[in-house]
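Readers should treat all values here as calculations from the given coordinates under stated rules, not as data from a laboratory. The structure displayed is predicted, hence computed values, not measured ones. Note that each Cβ is placed from the backbone with ideal geometry, even for glycine, and that neighbours are counted across all protein chains shown.
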Amino acid sequence: METRVAVIGIIVENPEAIASLNAVLHAYSAYIVGRMGIPYRQRNINIISLAVDAPQDIISALSGKLGRIKGVAAKTAYSNCVFKEEE
């Protein structure tokens, strides 16, 4: 299986979206390397940086599901390296 490392930048503008966001992240927790969350209180938003190591289609699915949550914006930056994992 080939995997890539990526960073998903997430901005949460709707506090009611946090439960849905956490449910999606929990479903993909096996691929999450690390997560950093910053509550930006002055702007009433949350900024989350998510590091993942997964096959390309899994990363795309995760980013797409996050972006479809109302009040959540997500963008992905991929590494150029492709890693081969033994199955």
> Along the charge dipole of the chain, Cβ charges K/R +1 and D/E -1, which of Met1, Ser29, Val72 sits furthest on the positive end?
Replying inline: Val72
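State, as an integer percentage, the relative contact order of the chain based on alpha-carbon contacts under 8 Å between residues 6 or more apart.
Working: 155 pairs, mean separation 43.8, N = 87.
In percent, rounded to a whole number, it is 50.
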> Which whole-Hz ³J(HN,Hα) couplings does region 47-57 yield from phi under the Karplus relation 6.51 cos²θ - 1.76 cosθ + 1.60, θ = phi - 60°, glycine and proline marked x?
Replying inline: 10, 10, 10, 10, 9, 10, 9, 7, x, 3, 5
> For Cα extents along the principal axes in Å, the listed values are (i) 40, 32, 19; (ii) 44, 20, 16; (iii) 36, 20, 18; which was obtained by calculation from the structure presented?
Replying inline: (ii)
> Considering only the other residues whose Cβ falls under 13 Å of the Cβ of Gly9, what net charge follows from Lys and Arg at +1 and Asp and Glu at -1?
Replying inline: +2
> For the chain, with only Lys/Arg (+1) and Asp/Glu (-1) charged at the beta-carbon, what is the dipole magnitude about the Cα centre, in debye rounded to 20?
Replying inline: 500 debye
